[in-house]
Amino acid sequence: MHLAFIYLLLVLVVAGSCLLQYCGARWLASLAISKQNHVAIVSLALCALVLAIFRANMVATNCCVLTVALFAGTLLSRQIRSAGALATLLAAGAIADLISTQVGPSRWLASQAQHASGLAVIQFLAVSIQLKGKLVPVIGVSDLMFFTVCVSAVRSLGWPETPALVVPLLGILSALGVGLFAGFTPALPFLAAAVLLYSYASRSMEQDPCRSY
């Protein structure tokens, strides 16, 4: 399989997963909180049932990863009431992700992914695809969860729809781009950097409109 095709496929999987999270977050935001809770309970119960029946099915596990990330991210985003709270959460997540990829669970899971048993575990923790007969984890549930937190929180903080999607997505895709050439790369620092830089730049423009000329 041509390397360029593989890279394109990975980009499409990551972008598609993030777009599904964004659409799901927008839909949930249109519902009352009580209804969001009911939808979450029913959806997670269905995920448990699907996994019990189709445990080894990649489509089933991918759907469950996306569902868990969506509802966990939406729940967490409810606690974000200010730009400062979002910045604190993203900074903490980025630091934890950096540590985890060096000496923590992420590093252990990455090494275990080289073995069949490790792949079985990772299938439940990441959106995965089949490449050359092997299961390849593409984007983790925690990355998707933080992406959902970002798009939900920045929309509630008044960001326009386009940057609310594009800025976090560019952060995730930047991590993927670096990872394709440098190897296993944590995504949350890139996500945090993209969101915080845009937030700082937009606030600076509001405080000094003359800079736009």
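Since every read-out is calculated from the coordinates, none of them should be taken as a lab result. What you see is a predicted model; the values in this text were computed from it and never measured. Neighbour counts are summed over all protein chains in view; Cβ atoms, including those assigned to glycine, are modelled from backbone coordinates with ideal geometry.
A few remarks follow.
- Inter-probe distance in nm under a simple model that places probes 7 Å from Cα toward Cβ, at Lys35 and Ala85: 2.3
- Size of electric dipole in the chain: Cβ of Lys, Arg +1 and of Asp, Glu -1, about Cα centre, debye, nearest 20: 280
- Taking region 168-195 and a reference point 7 angstrom along Cα→Cβ of Ile95, the backbone N atoms nearer than 14 Å belong to 189.
- Between Val151, Val178, Val42, the GNM of the chain built on Cα springs shorter than 10 angstrom shows Val42 fluctuating the most.
- Principal-axis tilt of helix 141-156 within the chain, Cα atoms, nearest 10 degrees: 20
- Projecting label points 7 angstrom from Cα along Cα→Cβ for Ala48 and Leu197 puts them 4.3 nm apart.
- Derived scalar couplings ³J(HN,Hα) [region 20-35; Karplus, 6.51 cos²θ - 1.76 cosθ + 1.60; whole Hz; x for Gly, Pro]: 4, 5, 5, 5, x, 5, 5, 5, 5, 5, 7, 9, 5, 4, 4, 6
- Of the chymotrypsin sites (Phe, Trp or Tyr not before Pro) in region 26-98, those whose Cβ has at most 13 other Cβ within 10 Å and which sit in DSSP loop: none
- For volume of the Cα convex hull per residue in Å³, the candidate list reads (1) 117; (2) 131; (3) 140; the entry that matches the value derived from this model is (2).
- Less than 5 angstrom separates the built amide H of Val138 from those of Val127, Ser128, Ile129, all sequence-distant by 5 or more or on a different chain.
- Extension gain, Leu180-Cys23: 0.36 nm per intervening residue step, less the Cα-Cα distance, totals 53.8 nm.
- Its relative contact order, with pairs defined as Cα atoms under 8 Å and 6+ residues apart, puts the chain at 26 percent.
- Sites excluded, trypsin sites (Lys or Arg not before Pro) in DSSP loops with at most 15 other C-beta within 10 Å, longest stretch of the chain: 133-213
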